[in-house]
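The values are calculated or read from the model by the stated rules, or taken from the named source; none is laboratory data. Source: prediction; values computed, not measured. Neighbour counts are summed over all protein chains in view; Cβ atoms, including those assigned to glycine, are modelled from backbone coordinates with ideal geometry. Heads up: the accessible areas ignore ligands, DNA and RNA and are worked out on the full protein's heavy atoms, side chains in. Shrake-Rupley method; radii C 1.70, N 1.55, O 1.52, S 1.80 Å.
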Amino acid sequence: MPGIDEAKQFVPLKIAVLTVSDTRNLKDDKSGALLVQRIGAAGHVVAERSIVPDDVEAIRARFEPKGWDVRPFRIRSRPASGTFVPEPPPKKRLHGCELMGSRPFEHLHVTATAKAVLCCQDYYERLTVGDLSRETVRDLLGGDTMARLRRWTYGVEEAPEDFLCRRCEFAIGE
């Protein structure tokens, strides 16, 4: 398997599944349930599963005592939100992401249809890493697609001109 050294001992991760929603509960949160199932199938541990309202102060009260830095960010052109924030000018050279650390190394974003995408800012699923209904988290994180997207995000390789991160307000670059 590309990117994974099978000779090394597998160390399961403790993963929290957090759904931010004003309408869902644990019974009808299908994407959260799928994540829990896939995390377990990959040999990892679900440390916590919860649903919190879309309220930054409630999220802050819950997670800052655990050491999380909770910061609100303005919404950028979410589909059907009625909100539009102009995109910044494109960056010529990328050096990473300032939105919650190193996204392509620490996060796997999963859509309601089980598609894994590079980033939560990818509303239109343009940078699909894989499909968790057919692949494991391990396969996706260690796969060639994620490796290529990491190289582009961190400037190891030149990203295409239309690469999502080039116009993201959270991209580190020049």
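Inclusion of VAL70 among residues that are out of contact with any strand residue (DSSP E or B) (no Cβ under 8 Å at 6 or more places or on another chain), open to solvent by less than 60 Å² (accessible area, probe 1.4 Å), modelled with pLDDT of 70 or more and among the aliphatic types (A, V, I, L, M) is warranted.
Within segment 32-45, being open to solvent by 60 Å² or more (accessible area, probe 1.4 Å) and of a type outside the set (Val, Ile, Thr) holds for GLN37, ALA41.
The one condition from (1) open to solvent by less than 70 Å² (accessible area, probe 1.4 Å); (2) over 16 Å from the mean Cα position of the chain (by Cα) that ILE15 does not meet is (2). Only residues that are within 14 Å of LEU108 (Cβ to Cβ) and either without any contact (Cβ under 8 Å) to a residue 24 or more places away in the chain or open to solvent by less than 50 Å² (accessible area, probe 1.4 Å) (or both) were counted in segment 126-152, giving 16. If I filter segment 99-113 down to residues being in a loop (DSSP other than H, G, I, E, B) and open to solvent by 50 Å² or more (accessible area, probe 1.4 Å), which single residue comes out as modelled with the lowest pLDDT? Out of the qualifying residues, it is MET100. Test GLU161 against the stated conditions and say whether it is surrounded by 15 or more Cβ atoms within 10 Å (Cβ to Cβ) and in a loop (DSSP other than H, G, I, E, B). For GLU161, the condition - surrounded by 15 or more Cβ atoms within 10 Å (Cβ to Cβ) and in a loop (DSSP other than H, G, I, E, B) - is not met.
Being open to solvent by less than 40 Å² (accessible area, probe 1.4 Å) and modelled with pLDDT of 85 or more: is that true of ASP29 here? Yes: the conditions hold for ASP29.
Could you run through segment 6-42 and say how many residues are without any contact (Cβ under 8 Å) to a residue 40 or more places away in the chain, part of a loop (DSSP other than H, G, I, E, B) and not acidic (Asp, Glu)? Even if it seems obvious, please write down each step before you answer.
Initially, segment 6-42 is screened for residues without any contact (Cβ under 8 Å) to a residue 40 or more places away in the chain, giving 6-29, 32-33, 36-37, 40.
Subset that is part of a loop (DSSP other than H, G, I, E, B): 6-13, 21-29.
Those left that are additionally not acidic (Asp, Glu): 7-13, 21, 23-27.
Going through segment 6-42 one residue at a time, the tally reaches 13.
When ARG49 is tested against (1) charged (D, E, K, R); (2) in contact with a Gly (Cβ under 8 Å, 6 or more places away or on another chain); (3) open to solvent by less than 50 Å² (accessible area, probe 1.4 Å), only condition (3) is not met.
Among the listed residues LEU118, LEU94, identify the single one that is more than 16 Å from the chain's Cα centre (by Cα) and surrounded by 18 or more Cβ atoms within 10 Å (Cβ to Cβ).
Details: LEU118 fails: more than 16 Å from the chain's Cα centre (by Cα).
None of the other options fit; the residue is LEU94.
Total residues in segment 123-151 satisfying the condition of being part of a loop (DSSP other than H, G, I, E, B) and over 19 Å from ARG38 (Cβ atoms): the figure is 4.
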